[in-house]
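Contents: one structure, followed by commentary.
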Amino acid sequence: MTATTVTPRLEEDPAAGDTIWTERTSWLDSVPRAVSMAVVFAVFVGLWQFVSWLEVVSPIILPTPGETLADLIFVGQNLLSGGYMLPALWITMKEVFYGFALAIFLGFSLGVLVGETSFGERAIMPYLVAIDTMPKVAFAPLFVAWLGFGIESKVALAAFIATFPIIVGTAAGLHVADENARMLFKTMGATRMQTLIQMKLPMGLPQIFTGLKIGAVGVMAGAITGEFLGGGKGFGELIRVAASQLNTPRVFSLILYLSLLGLALFASVSWLQRKIVFWHKDRVGETHA
Amino acid sequence: MILLSTATPGTATADSPRALVYELSDVGKTYARNKVVALENVSLTLGKGSFSSVIGSSGCGKSTLLKIMAGLIPPTTGRVVLQGRPVTGARRDIGMMFQQATLFPWLTTVENIVLPIRIRDGRAAAARAREQAHDLLEVVGLKGFETVYPNELSGGMAQRASICRMLITEPAVLLLDEPFSALDELSRDFMNMELQRICTERDATAFLVTHSIPEAVILSDRVLVMKPRPGRLAEIVEIDLPRPRTLDMVTTPKFGKLVDYIRNLLDKEADA
Ligand SMILES: Nc1ncnc2c1ncn2[C@@H]1O[C@H](COP(=O)(O)OP(=O)(O)OP(=O)(O)O)[C@@H](O)[C@H]1O
Ligand SMILES: [Mg+2]
């Protein structure tokens with residue numbers, strides 16, 4: 001082989017300038033996450049303190065950060081020492097847990113029915129869509145009338161709200177499998193059940209988990225709304241009572257503890273997703289927990 | 001079926017004496033949905049251990065033909081007989097490969113490869129087939145990647161793993177729909193030689209859909225040229241290059257002539 005010469009010779013063009021290529025990032029984006037979160041929190045609390053200090057808003061409506069912190073500690077102590085708030089929290093947790101379990105069962109079954117069978121898609125989906133567009137909270141009085149003031153009516157409302165995103169996620173997930181994967185399973189002589197369980201469902205897991213996460217948020221909202229509208233002895237009732245007494249610091253701290261419960265639920269679903277759907281990187285799941 | 005005139009290079013006069021594996025008679029397909037006549041009057045036979053390629057412009061019905069042969073979709077007219085039995089659905093003696101490797105990301109490489117066994121004969125059989133899968137992986141140069149998940153494999157590695165998945169059931173017939181078209185040229189050449197070796201070793205009958213004329217020529221005993229609208233067989237070119245084929249045959253005048261001949265056929269058909 002003879003050496004090949006390239007004409008014109010490739011020479012560095014001095015006019016081309018600096019060839020070192022750097023990605024431009026704002027200094028704001030290079031701050032560590034914990035620091036930026038802390039800064040945002042500090043700014044928020046600062047503004048809150050400032051507004052309270054100006055007294056443009058009545059202190060009854062907007063407590064100071066200090067008052068809220070004091071109440072937060074009080075509620076925390078009450079919960080930890082097994083005070084009267086703990087059974088209330090326990091009731092709400094039960095509602096959320098049962099509601100979510102029921103929603104998963106119903107949402108998954110209906111999702112498979114609608115996503116896998118053309119009967120489900122044609123005959124059941126239209127009704128589900130119709131119900132889904134209704135303001136579901138409006139059904140709360142009905143559930144109370146049917147199921148009473150106990151936890152059943154709250155479980156029902158919570159499940160009712162959380163079921164739909166799970167149906168949608170499951171049904172959408174079952175449509176993810178592409179033509180190639182379907183063909184492949186067909187060439188293997190797979191039965192419909194095998195195709196569903198060994199291919200379509202695992203392929204749809206990311207969508208199913210998206211549905212579960214939206215459902216996890218909805219189930220909290222459903223349980224609390226149920227307690228607001230249907231009484232009972234849950235955390236929602238504590239909030240309602242505190243609000244009626246214009247004890248706003250209490251309302252704020254109860255909501256904060258409630259959000260911890262919601263966060264824990266969401267985080268467990270995200271954690272489960274990362275364990276099960278390990279091959280799929282989900283941005284929403286990453287930022288939480 | 002049109003036989004080649006004697007003036008063409010690489011003309012074989014008679015059908016090889018090998019036993020027939022596939023017999024397609026007057027196969028036609030009209031898709032009901034859009035009334036597209038994808039195939040019309042396709043008749044062909046494949047001898048045992050033969051390697052045939054189909055070439056033709058996009059949309060001329062190559063994939064349709066393959067799917068009918070595999071029993072994935074029914075023909076509108078005609079019949080397909082494989083090893084003496086009509087094809088009426090998925091068959092165990094067929095192995096298929098598509099353009100995409102389609103490995104499932106929740107299964108390791110080995111689990112992906114034994115998946116056909118697991119579907120057909122259950123988990124226990126799949127577990128027993130693992131050893132065989134390891135051997136196959138070694139053959140295609142993927143030793144050491146057994147327990148790796150597919151998203152850690154390159155495109156070429158994934159396609160090699162999917163070859164193993166096709167071979168694990170020891171199919172008598174390999175139906176290949178542009179299996180290597182997503183690969184770079186070097187890997188593609190390598191895979192083609194691997195494919196030839198595997199087919200020869202197992203005396204497997206191969207049917208390859210491709211868009212690459214050199215690929216069709218280097219691998220095949222016969223190249224079927226298809227014409228579109230409606231999809232039909234235009235000509236069958238016999239490739240009488242000696243076997244085993246090697247990559248340096250590409251530079252021989254005979255190879256060049258065959259490629260030119262087929263290219264002309266395709267051009268003519270494009271002009272028409
Ligand atoms: N499922 C289907 N339903 C309706 N029409 C289809 C279907 N599949 C293919 N066709 C039509 O049949 C014709 C042949 O399609 P086919 O996929 O067999 O072509 P092909 O030769 O494999 O093309 P390519 O080289 O692009 O893969 C096309 O006109 C296409 O539009
Ligand atoms: Mg095709």
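Here are some notes:
- For B:I68, the stated conditions hold: it is touching a Pro at 6+ places or on another chain (Cβ under 9 Å) and at pLDDT 90 or above.
- Subset of region A:183-237 (residues that are outside any helix (DSSP H, G or I), more than 14 Å from every other protein chain (Cβ to nearest Cβ) and either open to solvent by 40 Å² or more (accessible area, probe 1.4 Å) or in contact with a Gly (Cβ under 8 Å, 6 or more places away or on another chain) (or both)): A:G232, A:K233
- Selection status of B:L136, assigned to a helix (DSSP H, G or I) and touching an Asp or Glu at 6+ places or on another chain (Cβ under 8 Å): no
- Pairs meeting the criteria (first residue in region A:115-139 and over 30 Å from A:G230 (Cβ atoms), second residue open to solvent by 40 Å² or more (accessible area, probe 1.4 Å), beta carbons under 6 Å, at least 6 apart or on different chains) are A:G120/A:L113.
- Residue-level analysis places A:V144 among those that are over 13 Å from A:A103 (Cα atoms), in a helix (DSSP H, G or I) and open to solvent by less than 50 Å² (accessible area, probe 1.4 Å).
- Taken together, the residues in region A:54-106 that are of a type outside the set (D, E, K, R), free of Cβ contacts under 8 Å to residues at least 12 places away in the same chain and open to solvent by 60 Å² or more (accessible area, probe 1.4 Å) amount to 13.
- Within region B:152-197, being outside any helix (DSSP H, G or I), open to solvent by 10 Å² or more (accessible area, probe 1.4 Å), closer than 22 Å to B:P116 by Cα and among the aliphatic types (A, V, I, L, M) holds for B:L153, B:A172.
- B:R118 being open to solvent by 20 Å² or more (accessible area, probe 1.4 Å), in contact (Cβ under 8 Å) with a residue 40 or more places away in the chain and within 11 Å of chain A (Cβ to nearest Cβ): no
- Test: residue in region A:78-96 that is closer than 30 Å to A:L47 by Cα and not basic (K, R): yes
- Residues of region B:234-255 satisfying the condition of being touching a Gly at 6+ places or on another chain (Cβ under 9 Å) and either open to solvent by less than 30 Å² (accessible area, probe 1.4 Å) or within 16 Å of ligand 2 (Cβ to nearest atom) (or both): B:A234, B:V237, B:I239, B:L241
- Test set (1) over 28 Å from A:M199 (Cα atoms); (2) hydroxyl-bearing (S, T, Y); (3) more than 16 Å from ligand 2 (Cβ to nearest atom) - B:S53 fails condition number: (3)
- Counting the residues of region B:127-151 that are of a type in the set (S, T, N, Q) and either open to solvent by less than 20 Å² (accessible area, probe 1.4 Å) or more than 13 Å from every other protein chain (Cβ to nearest Cβ) (or both) gives 2.
- Qualifying residue in region A:100-113 (condition: more than 21 Å from the chain's Cα centre (by Cα) and either among the hydrophobic types (A, V, I, L, M, F, W, C) or not in a loop (DSSP other than H, G, I, E, B) (or both)): yes
- Any hit, region B:179-188, residues being in contact with a His (Cβ under 9 Å, 6 or more places away or on another chain) and over 26 Å from B:A19 (Cα atoms): yes
- Pick from region B:24-40, criterion more than 8 Å from ligand 1 (Cβ to nearest atom) and among the hydroxyl-bearing types (S, T, Y), ranking: surrounded by the most Cβ atoms within 10 Å (Cβ to Cβ): B:T30
- The sole residue among B:V148, B:V80, B:V114, B:V110 that is hydrophobic (A, V, I, L, M, F, W, C) and within 23 Å of B:T205 (Cβ to Cβ) is B:V80.
- For region B:178-192, taking the residues that are modelled with pLDDT of 85 or more and within 14 Å of chain A (Cβ to nearest Cβ), the one that is nearest to ligand 2 (Cβ to nearest atom) is identified as B:E178.
- Residues located in region B:74-109, provided they are surrounded by 17 or more Cβ atoms within 10 Å (Cβ to Cβ), free of Cβ contacts under 8 Å to residues at least 60 places away in the same chain and within 15 Å of ligand 1 (Cβ to nearest atom): B:P75
The values are calculated or read from the model by the stated rules, or taken from the named source; none is laboratory data. Treat the numbers as computed from the prediction; the structure is a model and nothing was measured. Glycine also receives a Cβ, built like all others from the backbone with ideal geometry; neighbour counts cover every protein chain displayed. The area values use the complete protein model at the heavy-atom level, side chains included, leaving out ligands, DNA and RNA. Shrake-Rupley method; radii C 1.70, N 1.55, O 1.52, S 1.80 Å.
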